[in-house]
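The values are calculated or read from the model by the stated rules, or taken from the named source; none is laboratory data. For clarity, every value in this text was computed on a predicted model and none was experimentally measured. All Cβ positions, even for glycine, are placed from backbone atoms using ideal geometry, and neighbour counts span all protein chains on display.
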Amino acid sequence: MRKIWLVVKREYLTRVRTKGFILSTVGLPLLSVGIFAVSLALATSKTESTFKISILDNLGGLAPQIMQGLKEKLRDGQPAYQLVRTWDRPPSEATVREALNNQVRNEELDGFLEVPRGVLNGEDAALHTRNPNDFQTTRTIGLALNNALIARRLSDRGVHIDNLDEIMRGVDLTMVKVTKTGESKEGLESLIMQISLVMILYITLVVYGMMTMRSVVEEKTSHIVEVLASSIKPSYLLTGKILGVAGVGFTQYLIWMCTGALVTTYGAAVGSAFRPGAAAPLFHLPIIYLVYPPIFFVVGYFLYASLYAALGAMVSSEEESQQVQMPVTLVLVACMVLYPIIQRAPNSPLSVALTMFPFSSPILMVCRITVQTPPFWQIALSLALCVATTIGIIQVSAKIYRVGILMYGKRPSLVELLRWLRYT
Amino acid sequence: MEAIAVEHVTKRFDTVVAVSDLSLHVEQGTVFGLLGPNGAGKTTSLRMIMHILVPDEGAIQILGQPAGEQTQDLIGYLPEERGLYARMKVREVLVFLAGLKGLRQADASARVREWLERLDLAAWSEKKVNDLSKGMQQKAQFIAAVIHQPPILILDEPFTGLDPVNATLIKDIMLDLREKGSTIILSTHRMEQVEMMCDAICLINHGRSVLAGDLRAIKKSYGKNTVRIEYSGDDSFLDLPESVEKINHFGAAVEAKLRPGADPQEILKAAVARGVRLSRFELVEPPLHDIFIEKVSEAHA
């Protein structure tokens, strides 16, 4: 037992003290906060120069109504859209189009909107612009055109409306999740939380699983494993290794969670200074997130870490390990890909099967619990299956590990692997 | 009580029999040479003694106890394939390995310091293993084998890669440890080292013991059937097929193995007749080198 502890300690300390660990532990939150801040800034910022537009209106009389929908202002008070000229049913459509295209090319215009004669019957309109990827702008112009068309159709039927915006204003749909114990408001934040949870589980299993594998391969390639094997039982060595790497992951998460909590609390405090009443925490964490995910995560980690360790024991070099880890990593990727099935139909037979299958349940059962908590017996059964499989896999892995760490050269075939299991 | 007693041990890997009905007896306080050609089963035998592998048949006793987890701490091991954690500090690796052999942290630290001092590595204790030269890494690995003062020390090719100064340093430590009661198993292909250091040997081939026992007794049993000659001049005087069975050339010297019953005087006469100047003419026991080759090729024939 003392020897296992020594292995855990070494594995933990040598990893925690590396630059890579410090960088990823400190860097990842900084990076994610940075990305979040930048994307938030970009998403809320409007195009900062006036969009000069001309309208080629082959239907006629639509331009003023369209410009009604383009009355946005820039932050400096300038109008966001400026109508340069309207071509109302020009006799030579092609010439005008050519001229307008040239103006866009010469940057005299930012774009022109071409409305076909049959637009009321569903013929497509076109926006000619140098940058069709500016979604903010194209979406606004599209909306303005559609509103103008609706107004035209209404007026053609004798309905005259001055404030179309008022008529067209919609409302948002609030999701209320009905559960056994009551109901709770759910919105985008719960979806984000589910996706983050799945992502975190997936990334963690892969990253720390591979870390365990690399640690095994490193001891093999450096040949120190022979000295280790003469001092400690291989199963102890494997256990110590898996626990040590788990400790590294735990430390990392603890640091992240603490900073996360700090940032949230501090952020809320700062927020309430500007907007009193907004002091509520950004996320309210349902208790279910705190109970099941950690349990499934720990079991899943042991399952995958021992699988990765067994793979590491089969190979003799880092490059080879990259090849053999593919099948295991693909199973984890499959869990990510199958996640939407759970989300859409958490109680379908496929979902139930996926959340019972021990290699996918660590990720997908957690996901299913957060979407719609299944009956307790299903959670218990899934967990029991996963624990049983994990115990089995650890035993098989330990045997492969015990033989594999002393084998160099050719990678074993499946038949040879089965023979390894019988060695004493 | 014997330091190591291996009784009728067999180890198979699938269809390959790596070790077959092997018995070894190593007396305490001796240096024991485990010899054999490549792939003879030496490493497998050593691994079974260290309980890295478990025999399929037979039994192994270490200082009277059956080989197992508890006996692992009684043995220190320098494997042929050297290796330490490349990115760890020298001192930390050694303290860790000492801990795995059952030493307490404080004790381990103190001994690591002493040994680094003794092997002239003190200045490198806080350096990464990677930063050490091959020879220094090898000395560090030697420390890992002896740090817990094991009653049994298994050294696989301990001198390869060491310069004469360091080789002498290691050899002196080995002899010092034996003096203090340690038993040393030396596995090597360098026969002159075996002749100089070992009290007893076991030669294995194809997993079987083909020659075992006290080294002096073995050599004596072959009798003084070899002539060691140092000379200058033409070597055609050795062309005596009726009395010389085999000749080993070493540049300035030769070793000629005599046919049974042949008279060494015949060679001397031939040399004098041809006017060759002899600086040495000695009747000796066959070198271990020749015994090794003879025993191993016998099995192949």
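Summed over the range B:74-132, the residues that are part of a helix (DSSP H, G or I), under 27 Å from the mean Cα position of the chain (by Cα) and of a type in the set (Lys, Arg) give a count of 2.
In this structure, is A:Val366 hydrophobic (A, V, I, L, M, F, W, C), in contact with a Phe, Trp or Tyr (Cβ under 7 Å, 6 or more places away or on another chain) and surrounded by 14 or more Cβ atoms within 10 Å (Cβ to Cβ)? The answer is yes for A:Val366. Contact annotation: residue pairs with Cβ atoms under 7 Å, 6 or more positions apart or on different chains, pairing a residue in the range A:371-395 that is under 27 Å from A:Met193 (Cβ atoms) with a partner that is at pLDDT 90 or above and outside any helix (DSSP H, G or I), are A:Leu385/A:Pro358; A:Cys386/A:Pro358.
Looking only at residues in the range B:199-225 that are out of contact with any helix residue (DSSP H, G or I) (no Cβ under 7 Å at 6 or more places or on another chain) and in a strand (DSSP E or B), which one is nearest to B:His189 (Cα to Cα)? Taking the candidates together, the pick is B:Cys202. Here the condition is being among the hydrophobic types (A, V, I, L, M, F, W, C), assigned to a helix (DSSP H, G or I), in contact (Cβ under 8 Å) with a residue 60 or more places away in the chain and over 30 Å from A:Ser92 (Cβ atoms); of A:Leu23, A:Leu28, it holds for A:Leu28 alone. Evaluate the range B:265-285: report whether one residue or more is within 30 Å of B:Gly207 (Cα to Cα), in a loop (DSSP other than H, G, I, E, B), under 27 Å from the mean Cα position of the chain (by Cα) and touching a residue at least 24 places away in the same chain (Cβ under 8 Å). Yes, there is a match, as at least one residue in the range B:265-285 is within 30 Å of B:Gly207 (Cα to Cα), in a loop (DSSP other than H, G, I, E, B), under 27 Å from the mean Cα position of the chain (by Cα) and touching a residue at least 24 places away in the same chain (Cβ under 8 Å). Given the structure, is A:Thr329 over 20 Å from A:Ile200 (Cα atoms) and surrounded by 15 or more Cβ atoms within 10 Å (Cβ to Cβ)? Considered against the rule, which asks whether it is over 20 Å from A:Ile200 (Cα atoms) and surrounded by 15 or more Cβ atoms within 10 Å (Cβ to Cβ), A:Thr329 comes out as no. Of all residues in the range A:228-255, those satisfying the criterion of being within 12 Å of chain B (Cβ to nearest Cβ), among the hydrophobic types (A, V, I, L, M, F, W, C) and in contact with a Lys or Arg (Cβ under 9 Å, 6 or more places away or on another chain) are A:Ala229, A:Ile232, A:Leu237. Here is a check on your reading of the model: is A:Lys3 in a helix (DSSP H, G or I), touching a Leu at 6+ places or on another chain (Cβ under 7 Å) and modelled with pLDDT of 85 or more? Yes. Take the conditions buried (at least 16 other Cβ atoms within 10 Å of the Cβ) and within 14 Å of chain B (Cβ to nearest Cβ) and apply them to A:Val16. Does it pass? So A:Val16 does not fit the description; no. Of the residues screened, A:Met175 is one that is among the aliphatic types (A, V, I, L, M) and either surrounded by fewer than 13 Cβ atoms within 10 Å (Cβ to Cβ) or more than 35 Å from the chain's Cα centre (by Cα) (or both). Taking the range B:219-232 as the range and being of a type outside the set (A, V, I, L, M, F, W, C) and within 17 Å of B:Val244 (Cβ to Cβ) as the test, the residues that pass are B:Tyr222, B:Gly223, B:Lys224, B:Asn225, B:Thr226, B:Arg228, B:Glu230, B:Tyr231. Within the range A:200-227, the set of residues being within 12 Å of another protein chain (Cβ to nearest Cβ) and either in contact with a strand residue (DSSP E or B) (Cβ under 9 Å, 6 or more places away or on another chain) or under 15 Å from A:Gly300 (Cβ atoms) (or both) comprises A:Glu226, A:Val227. Among the residues of the range B:16-38, is there at least one that is outside any strand (DSSP E or B) and within 14 Å of chain A (Cβ to nearest Cβ)? Scanning the range B:16-38, I find no residue that is outside any strand (DSSP E or B) and within 14 Å of chain A (Cβ to nearest Cβ), so the answer is no. Counting only residues that are within 11 Å of chain A (Cβ to nearest Cβ), outside any loop (DSSP other than H, G, I, E, B) and not β-branched (Val, Ile, Thr), the range B:58-73 holds 2 of them.
Candidates are the residues of the range B:135-174 that are part of a loop (DSSP other than H, G, I, E, B) and over 16 Å from B:Leu100 (Cβ atoms); the one that is farthest from the other protein chains (Cβ to nearest Cβ) is B:Asp163. Identify, from the list B:Arg111, B:Arg118, B:Arg87, the residue that is touching a helix residue (DSSP H, G or I) at 6+ places or on another chain (Cβ under 9 Å), within 14 Å of chain A (Cβ to nearest Cβ) and either under 26 Å from B:Val165 (Cα atoms) or of a type outside the set (S, T, N, Q) (or both). Only one candidate qualifies: B:Arg87.
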